[in-house]
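Written out below as structure tokens is the structure these notes cover.
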Amino acid sequence: MDGMGGGMMLWMVVWGLVGLAALVLAVVGIVWLVRRIDADTRSSEPRKSADSPEEILRRRYAAGELDEDEYLRRQSGLGA
């Protein structure tokens, strides 16, 4: 009886480990799928609206791309 009981116990442990491994793989797969869907959703969201022309002009002037005369000329062209 001891030989048969020991073999049965070994198989119970093996199948328990197989079941645990399957459970871990299922959880990892679900987490991966949710993160993938979330990343796809974020990448397909519409971009924020573009900055106003006045804001772009201010940034370009602050960055030194435009001199004061060009900045004022363009600003008056925008009607600001």
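Laboratory data are not the source of any read-out in this text; all were calculated from the coordinates shown. Keep in mind it's a predicted model, so treat the numbers as computed, not measured. Heads up, the Cβs are rebuilt from the backbone with ideal geometry, glycines too, and the neighbour counts pull from every protein chain shown.
For the chain, adding -39500 (n - 2.57) for each run of n ≥ 4 DSSP H residues and dividing by the number of residues yields -27500 deg cm²/dmol at 222 nm.
The structure shown yields Rg and Dmax of the Cα atoms in Å, and of the options (i) 32.6, 100; (ii) 11.9, 36; (iii) 14.7, 52 that calculated value carries the label (i).
At 18 angstrom or more along the helix axis (alpha-carbon based) and mean Kyte-Doolittle of -0.5 or higher, what helices does the chain contain? Whole DSSP H runs only.
Working: long enough: 2-43 (61 Å, 1.17).
Qualifying helices, which must be both long enough and hydrophobic enough, are 2-43.
Rounded to the nearest 20, the size of the Cβ-charge dipole of the chain about its Cα centre is 240 debye, with Lys and Arg at +1 and Asp and Glu at -1. In the chain, taking the dipole from charged Cβ atoms about the Cα centre, the farthest positive-side position among Ser43, Gly19, Met8 is held by Met8.
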